[in-house]
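Here's the structure we're looking at; comments come further down.
Where a number appears in this text, it was derived from the coordinates with a stated rule and is not lab data. Since the model is a prediction, treat every value here as computed from it, not as a measurement. Cβ: placed from backbone, ideal geometry, glycine included. Neighbour counts: every protein chain shown.
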Amino acid sequence: MKKILSLLLCLTVLTLFSGCANDKETTSNNTENTNELKIVTSFYPIYIETINITKGIDGVVVENMTKPQTGCLHDYQMTPADMKKLENANIFIANGAGMESFLEDIINNQKQLHVIDSSANIPLLIDEHGENPHVWVSISNCITQVETITEELSKIDPNHADQYHKNAEDYIARLKDLQNEMHAAIDPLPNKKIVTFHEAFPYFAEEFNLDIVGVIEREPGTAPTPTELTDIISQVKNLPTKALFAEPQYSSTAAEAIANETGAKIYTLDPVVTGKDDPDAYIKAMQENAKTLQEALK
Ligand SMILES: [Zn+2]
């Protein structure tokens, strides 16, 4: 009996001891978790891509540098708050292709920061104003950006590489479904000529065989000149289906003036540069765009 008791005591002590050892391990894991990997994205579409890739991964935090309603970063000046976010970050993910004019400064001034150029593997469209940075508006390019971000994140943070790849695979499968769904909606439309609001849609148009015959304001906030306005009005008058595509982010004063002159109807196409903190926001906005085109170009 005495032997059994001492054996039991022994076992209890062993269990307590190993319990202690386990506690220590857990504590050291927790310490690792406070050393989070901090990722900062430049603006909304890159933020949405990144939160899909990092979904449900402990110890990886994603923050968007600019406010969700900022829109495109053409001529954007970084604020002290933006710089503060970058000071505490490990990784900065940019759209690239000239969208972030401040990118060179970041690379030169913050040597400790890993910078990912998500459009590095995308052939860029070039017009008389230079390279067009609105690559994510095409679903194929959005998929390429997700792949590039995933590969680069996996190199910088190999411990989570499997999870990044698994998440990316899931998201890309959904993006491919979206692409098929949109081709089914847009391909049969009889009229493919569109007039858009700023230079956000060439990659989207290329993907869905749309023909952009006019752009109302080349850059947001730059009103068309009287000559440009006259040109656009005559282009719209020649359209088989008189539809203008404004964007939710920008005022549609110019679009309204053209609509009054031509009797064209104004619709909204969303380049997904603003929106909610929702991983599905890109997919939902693109589904709306497909519905709008179906309605406008039938
Ligand atoms: Zn833009």
Check your understanding: Excluding same-chain residues fewer than 8 positions from Lys242, which lysines have a Cα within less than 29 Å of its Cα?
Key -> Lys192, Lys193, Lys265, Lys284, Lys291, Lys298
Check your understanding: Projected onto the charge dipole of the chain (+1 at Lys/Arg Cβ, -1 at Asp/Glu Cβ, origin at the Cα centre), which of Ser154, Gln112, Ile258 gives the Cα projection farthest towards the positive end?
Key -> Ser154
Review point. What is the Cα centroid distance between region 195-256 and region 53-104, reported in whole angstrom?
Key: 29
Exercise for review: List nothing, just return the count: lysine pairs in region 36-182, 8 or more apart or interchain, with Cα separation under 16 Å.
Suggested key: 12
Point to revise | Karplus-derived HN-Hα couplings along region 104-118 (A = 6.51, B = -1.76, C = 1.60, θ = phi - 60°), whole Hz, x at Gly and Pro | key: 4, 4, 4, 4, 6, 8, 10, 5, 6, 8, 7, 10, 10, 9, 6
Check your understanding: Cα-based Rg (one decimal) and Dmax (whole number) for region 105-225, in Å?
Key -> 17.7, 54
Exercise for review: With a cut-off of at most 14 other beta carbons within 10 Å, and DSSP calling the residue loop, which chymotrypsin sites (Phe, Trp or Tyr not before Pro) in region 232-294 qualify? Please list them.
Suggested key: none
Check your understanding: If the viscosity is 1.306 mPa s and the temperature 10 °C, what Stokes-Einstein diffusion coefficient in µm²/s follows for the chain when Rh is the Kirkwood radius over Cα pairs?
Key -> 73
Revision key, fill the gap. Rounded to whole angstroms and listed largest first, the alpha-carbon spread of region 189-297 along its three principal axes comes to 42, 32, 22
Practice item. Quick one: plug the Kirkwood hydrodynamic radius of region 36-182 (C-alpha pairs) into Stokes-Einstein at 10 °C, 1.306 mPa s, and report D in µm²/s. Key: 102
